[in-house]
1. Restricting to region 4-20, name every residue that is farther than 12 Å from residue 321 by Cβ and without any contact (Cβ under 8 Å) to a residue 60 or more places away in the chain.
2. Assess whether residue 86 counts as being crowded, with 18+ Cβ neighbours inside 10 Å and outside any helix (DSSP H, G or I).
3. With 480, 447 as the choices, which residue is part of a helix (DSSP H, G or I) and free of Cβ contacts under 8 Å to residues at least 60 places away in the same chain?
4. Scan 121, 68, 105 and give me the residue that is surrounded by 15 or more Cβ atoms within 10 Å (Cβ to Cβ), at pLDDT below 95 and either assigned by TED's automatic domain parsing to the domain that holds residue 155 or touching a strand residue (DSSP E or B) at 6+ places or on another chain (Cβ under 6 Å) (or both).
5. In region 40-53, is there at least one residue being in the same structural domain as residue 153 (by TED's automatic domain parsing) and under 23 Å from the mean Cα position of the chain (by Cα)?
6. (1) touching a residue at least 12 places away in the same chain (Cβ under 8 Å); (2) more than 30 Å from residue 165 (Cα to Cα); (3) not in a strand (DSSP E or B): which one isn't true of residue 115, the others all being true?
7. In region 303-324, what count of residues is obtained for those that are surrounded by fewer than 17 Cβ atoms within 10 Å (Cβ to Cβ) and farther than 22 Å from residue 245 by Cβ?
8. List every residue pair whose Cβ atoms sit under 9 Å apart, with the two residues 6 or more apart in sequence or on different chains, where the first one lies in region 292-304 and is on the phi < 0 side of the Ramachandran plot and not assigned by TED's automatic domain parsing to the domain that holds residue 210 and the second, anywhere, is part of a helix (DSSP H, G or I) and surrounded by 11 or more Cβ atoms within 10 Å (Cβ to Cβ).
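The values are calculated or read from the model by the stated rules, or taken from the named source; none is laboratory data. Quick caveat, the model's predicted, so the values are computed rather than measured. So basically every Cβ, Gly included, is an ideal-geometry build from the backbone, and we count neighbours across all protein chains shown.
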């Protein structure tokens, strides 16, 4: 074997080993969730007396959903004299008129609802929340993004958890209004279910750190100030504040059975934009806080889980390199004798990929009686996770290089029913270069699949097809939704039905 061939194989298996380690960590999260199944928040009597609560609604150009949000918050089951609602509007379009009109309408009905409009977006969402906090009257601060429809019982069910003076934040689980709209929304819903049920659930049950998700949660006001307030040096101000608060000794509570429905993105580019922001922000938070976490006086299990959580997005960089190495490593191994390498290759791939299938299978089993009918989406979920690696690797590189970008909010269109349409509405995102790279990688894996078939290397075909489908789907759907028109968009919507 030449030095170049040795380097290719060494790099390939090194990356596989790291990915397998994070894959096995998913098994560990499932283990934590099951082992501590009795350590869940219990129903508690209401606080007496009931406290004043401020509900903050940060919005930016959300003309299709803002009225729905304000109406749902005003329908909450809580005394009007103890409820303050802040509409924190940084919008630059018709959203301002829609939001201000809704505020006036509900103010006339006796609600303490205020409209606060900024024109400079300093600090983006974190800045808006900070401005509102400075004039808020509530002892507790609930936050909802524009695409959410908070349940009427939200405050009644979360506030009793604060009877423990060490509880600093309570997070509800996200629901999905438009789960069944398309294949893309189904996949996103399963991904988010896994994040909340098994990541949040496993970590919280095992007394490890987990994070506020930026919305559908409620804070003890003093905790925000004690932890250093909202800071906007990362794109995930929620993750940043969460870790700072827990480092200060505050305890968080995750309420799995309290669901706050929300709209998931229906466009591939909007989905990618959201994932990019989350990936970049998590690495920024990792750089900012991980050294402090590792040096803190915390149990090893808490530090280890925080490390795995905050570093997980580095895997996308490894996935890109692995993708590029797949064909040359296959070529080298075939020429030197395939069967011996297969004994190492396949187990590592199984550790890295089957753990994902198990993770989301367990999650769906926990939530739905008909969970077996949802298993058919798991291969697509794994493929789309792979297809995101270019998008999210770019986010990681930007975070590591210190490149500053604005807080790009995820466009939402008020999609609730399968008959709803987003074609012709504002806020579409146009991206060309990245989808072309993804399509190029998809074609690269198409060639690799044919090479494997031609040489009867059947053992790796399932993994190669995952990469092929993932890159082609994410790249082509981005292009189709930008340039395909109404008919193509409609076929995309019904593809998963």
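1. Residues satisfying the conditions are 4, 6, 7, 10.
2. Numbers: crowded, with 18+ Cβ neighbours inside 10 Å: yes; outside any helix (DSSP H, G or I): yes.
Criteria met by residue 86.
3. Working: 447 fails: free of Cβ contacts under 8 Å to residues at least 60 places away in the same chain.
Only one candidate qualifies: 480.
4. Values: 68 fails: at pLDDT below 95; 105 fails: at pLDDT below 95.
The match here is 121.
5. Taking every residue of region 40-53 in turn, none turns out to be in the same structural domain as residue 153 (by TED's automatic domain parsing) and under 23 Å from the mean Cα position of the chain (by Cα).
6. Condition not satisfied by residue 115: (3).
7. Qualifying residue count for the region: 2.
8. none
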